[in-house]
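One structure is given here, and the rest of the page talks about it.
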Amino acid sequence: MRDRMSSYIYGNITVLAAAIAVDPEVIEHGAAVWAVLATAVLTYLAHVLAHLVAHGLGDDGTESDTDRRESAVVIARNANPIATSGLIPAVLYAASWAGLLPAGWAQTAALVILVVRIALVGVFVQRFSGQRPTFVGLWGGIVLAVVALVIGAVKVVLTH
(Lines give C-alpha, C1' and ligand atoms only; values in the text may rest on other atoms or scores of the structure.)
Protein backbone atom coordinates (compact mmCIF):
# COMPACT_ATOMS: atom_id res chain seq x y z
CA MET A 1 0.00 0.00 0.00
CA ARG A 2 2.90 2.37 0.74
CA ASP A 3 4.32 1.93 -2.76
CA ARG A 4 0.90 2.53 -4.33
CA MET A 5 0.36 5.68 -2.25
CA SER A 6 3.83 6.92 -3.19
CA SER A 7 3.00 6.32 -6.85
CA TYR A 8 -0.35 8.09 -6.46
CA ILE A 9 1.29 11.20 -5.00
CA TYR A 10 4.22 11.19 -7.42
CA GLY A 11 2.01 10.63 -10.47
CA ASN A 12 -0.39 13.40 -9.55
CA ILE A 13 2.42 15.89 -8.88
CA THR A 14 4.12 15.04 -12.18
CA VAL A 15 0.90 15.34 -14.18
CA LEU A 16 0.01 18.52 -12.28
CA ALA A 17 3.24 20.08 -13.54
CA ALA A 18 2.40 18.98 -17.10
CA ALA A 19 -1.14 20.34 -16.75
CA ILE A 20 0.19 23.68 -15.52
CA ALA A 21 2.71 23.87 -18.39
CA VAL A 22 0.23 23.68 -21.27
CA ASP A 23 -1.41 26.86 -22.43
CA PRO A 24 -4.92 27.22 -23.87
CA GLU A 25 -3.73 27.17 -27.49
CA VAL A 26 -2.03 23.81 -26.92
CA ILE A 27 -5.24 22.49 -25.36
CA GLU A 28 -7.35 23.71 -28.30
CA HIS A 29 -5.04 22.01 -30.82
CA GLY A 30 -5.08 18.65 -28.98
CA ALA A 31 -1.39 18.52 -28.09
CA ALA A 32 -2.19 18.86 -24.38
CA VAL A 33 -3.98 15.50 -24.42
CA TRP A 34 -0.80 13.82 -25.61
CA ALA A 35 1.37 15.88 -23.24
CA VAL A 36 -0.42 14.72 -20.08
CA LEU A 37 -0.81 11.14 -21.30
CA ALA A 38 2.84 10.95 -22.32
CA THR A 39 3.89 12.41 -18.97
CA ALA A 40 1.85 9.82 -17.08
CA VAL A 41 2.88 6.82 -19.19
CA LEU A 42 6.56 7.70 -19.48
CA THR A 43 6.80 8.49 -15.77
CA TYR A 44 5.15 5.12 -15.08
CA LEU A 45 7.67 3.31 -17.29
CA ALA A 46 10.64 5.15 -15.74
CA HIS A 47 9.34 4.37 -12.25
CA VAL A 48 8.87 0.67 -13.01
CA LEU A 49 12.29 0.44 -14.62
CA ALA A 50 13.96 2.16 -11.66
CA HIS A 51 12.23 -0.18 -9.20
CA LEU A 52 13.13 -3.27 -11.22
CA VAL A 53 16.79 -2.25 -11.29
CA ALA A 54 16.79 -1.33 -7.59
CA HIS A 55 15.02 -4.61 -6.75
CA GLY A 56 18.09 -6.45 -8.04
CA LEU A 57 20.30 -4.87 -5.37
CA GLY A 58 21.65 -7.49 -3.02
CA ASP A 59 20.34 -10.35 -5.17
CA ASP A 60 22.47 -13.34 -4.24
CA GLY A 61 21.07 -15.53 -7.02
CA THR A 62 18.72 -17.53 -4.78
CA GLU A 63 15.55 -15.87 -6.07
CA SER A 64 13.74 -18.04 -8.64
CA ASP A 65 12.52 -16.82 -12.02
CA THR A 66 8.97 -17.16 -10.69
CA ASP A 67 9.79 -14.93 -7.72
CA ARG A 68 11.37 -12.35 -10.04
CA ARG A 69 8.31 -12.37 -12.31
CA GLU A 70 5.98 -11.98 -9.33
CA SER A 71 8.11 -9.10 -8.06
CA ALA A 72 7.95 -7.43 -11.47
CA VAL A 73 4.16 -7.79 -11.55
CA VAL A 74 3.84 -6.29 -8.06
CA ILE A 75 6.15 -3.39 -8.99
CA ALA A 76 4.15 -2.68 -12.17
CA ARG A 77 0.82 -2.91 -10.32
CA ASN A 78 1.99 -0.64 -7.51
CA ALA A 79 2.99 1.98 -10.07
CA ASN A 80 -0.44 2.02 -11.77
CA PRO A 81 -1.54 5.21 -9.98
CA ILE A 82 1.21 7.05 -11.87
CA ALA A 83 -0.20 5.95 -15.23
CA THR A 84 -3.81 6.67 -14.30
CA SER A 85 -3.11 10.16 -12.92
CA GLY A 86 -3.19 11.61 -16.43
CA LEU A 87 -6.58 10.19 -17.43
CA ILE A 88 -8.88 12.91 -16.08
CA PRO A 89 -6.81 15.83 -17.41
CA ALA A 90 -6.53 14.05 -20.78
CA VAL A 91 -10.31 13.60 -20.96
CA LEU A 92 -10.88 17.26 -20.06
CA TYR A 93 -8.33 18.42 -22.62
CA ALA A 94 -9.85 16.11 -25.24
CA ALA A 95 -13.29 17.61 -24.51
CA SER A 96 -11.83 21.06 -25.11
CA TRP A 97 -10.08 19.89 -28.28
CA ALA A 98 -13.47 18.60 -29.48
CA GLY A 99 -15.00 22.00 -28.80
CA LEU A 100 -17.14 20.86 -25.86
CA LEU A 101 -15.36 22.99 -23.24
CA PRO A 102 -13.42 26.25 -23.36
CA ALA A 103 -9.69 25.58 -22.97
CA GLY A 104 -9.43 27.71 -19.85
CA TRP A 105 -12.20 25.77 -18.16
CA ALA A 106 -10.67 22.44 -19.09
CA GLN A 107 -7.31 23.48 -17.70
CA THR A 108 -8.80 24.93 -14.53
CA ALA A 109 -10.88 21.80 -13.96
CA ALA A 110 -7.84 19.55 -14.57
CA LEU A 111 -5.72 21.52 -12.10
CA VAL A 112 -8.45 21.62 -9.46
CA ILE A 113 -9.10 17.89 -9.76
CA LEU A 114 -5.40 17.05 -9.47
CA VAL A 115 -4.96 19.33 -6.45
CA VAL A 116 -8.06 17.87 -4.76
CA ARG A 117 -6.79 14.32 -5.42
CA ILE A 118 -3.55 15.24 -3.68
CA ALA A 119 -5.39 17.06 -0.86
CA LEU A 120 -7.32 13.88 -0.05
CA VAL A 121 -4.11 11.92 0.58
CA GLY A 122 -4.16 12.67 4.32
CA VAL A 123 -7.64 11.17 4.61
CA PHE A 124 -6.63 8.17 2.43
CA VAL A 125 -3.57 7.49 4.60
CA GLN A 126 -5.70 7.47 7.73
CA ARG A 127 -8.33 5.19 6.15
CA PHE A 128 -5.75 2.74 4.82
CA SER A 129 -4.07 2.73 8.23
CA GLY A 130 -7.32 1.60 9.85
CA GLN A 131 -8.02 4.97 11.46
CA ARG A 132 -11.02 7.21 11.19
CA PRO A 133 -10.31 10.24 9.01
CA THR A 134 -9.77 13.37 11.08
CA PHE A 135 -9.57 17.08 10.51
CA VAL A 136 -5.81 16.84 11.10
CA GLY A 137 -5.53 14.27 8.28
CA LEU A 138 -7.49 16.54 5.97
CA TRP A 139 -5.27 19.51 6.84
CA GLY A 140 -2.18 17.39 6.28
CA GLY A 141 -3.49 16.58 2.79
CA ILE A 142 -4.24 20.23 2.10
CA VAL A 143 -0.71 21.20 3.09
CA LEU A 144 0.59 18.41 0.83
CA ALA A 145 -1.53 19.77 -2.03
CA VAL A 146 -0.13 23.28 -1.55
CA VAL A 147 3.43 21.90 -1.51
CA ALA A 148 2.64 19.84 -4.64
CA LEU A 149 1.26 22.90 -6.40
CA VAL A 150 4.42 24.84 -5.55
CA ILE A 151 6.59 21.95 -6.81
CA GLY A 152 4.60 21.81 -10.04
CA ALA A 153 4.79 25.57 -10.58
CA VAL A 154 8.52 25.72 -9.84
CA LYS A 155 9.14 22.78 -12.19
CA VAL A 156 7.31 24.61 -14.97
CA VAL A 157 9.16 27.88 -14.34
CA LEU A 158 12.57 26.20 -14.26
CA THR A 159 12.08 23.81 -17.17
CA HIS A 160 9.96 25.73 -19.67
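Scanning the stretch 119-160 for residues that are in contact (Cβ under 8 Å) with a residue 40 or more places away in the chain and aromatic (Phe, Trp, Tyr), which turns out least open to solvent (accessible area, probe 1.4 Å)?
Only one residue fits best here, namely Phe124.
Across the stretch 57-94, what is the total count of residues that are more than 16 Å from the chain's Cα centre (by Cα), within 30 Å of Ala110 (Cβ to Cβ) and not hydrophobic (A, V, I, L, M, F, W, C)?
The total comes to 1.
I need the full set of residues from the stretch 1-43 which are among the polar types (S, T, N, Q) and more than 15 Å from Leu144 (Cα to Cα), in order please.
The answer is Thr39, Thr43.
What's the total number of residues in the stretch 119-160 that are within 19 Å of the chain's Cα centre (by Cα) and assigned to a loop (DSSP other than H, G, I, E, B)?
1
If only one of Ser85, Ser6 is surrounded by fewer than 22 Cβ atoms within 10 Å (Cβ to Cβ) and either modelled with pLDDT under 95 or closer than 30 Å to Val143 by Cα (or both), which one is it?
Just a single option satisfies the conditions, and that option is Ser6.
Please find, among Ala35, Ala54, Ala18, Ala46, the residue that is exposed (fewer than 14 other Cβ atoms within 10 Å of the Cβ) and under 14 Å from the mean Cα position of the chain (by Cα).
Only one candidate qualifies: Ala46.
Considering only the stretch 1-118, give the helices (runs of 4 or more DSSP H) lying wholly within it that have at least 3 residues that are in contact (Cβ under 8 Å) with a residue 60 or more places away in the chain, in contact with a Leu (Cβ under 8 Å, 6 or more places away or on another chain) and not β-branched (Val, Ile, Thr).
Correct list: 2-21.
The values are calculated or read from the model by the stated rules, or taken from the named source; none is laboratory data. Being a predicted model, the structure only gives us computed values, none of them experimental. Don't worry about glycine lacking a Cβ; one is built from the backbone with ideal geometry, like all the others, and counts go over all protein chains shown. These area figures cover heavy atoms from the full protein model, side chains too; ligands, DNA and RNA do not enter into them. Shrake-Rupley method; radii C 1.70, N 1.55, O 1.52, S 1.80 Å.
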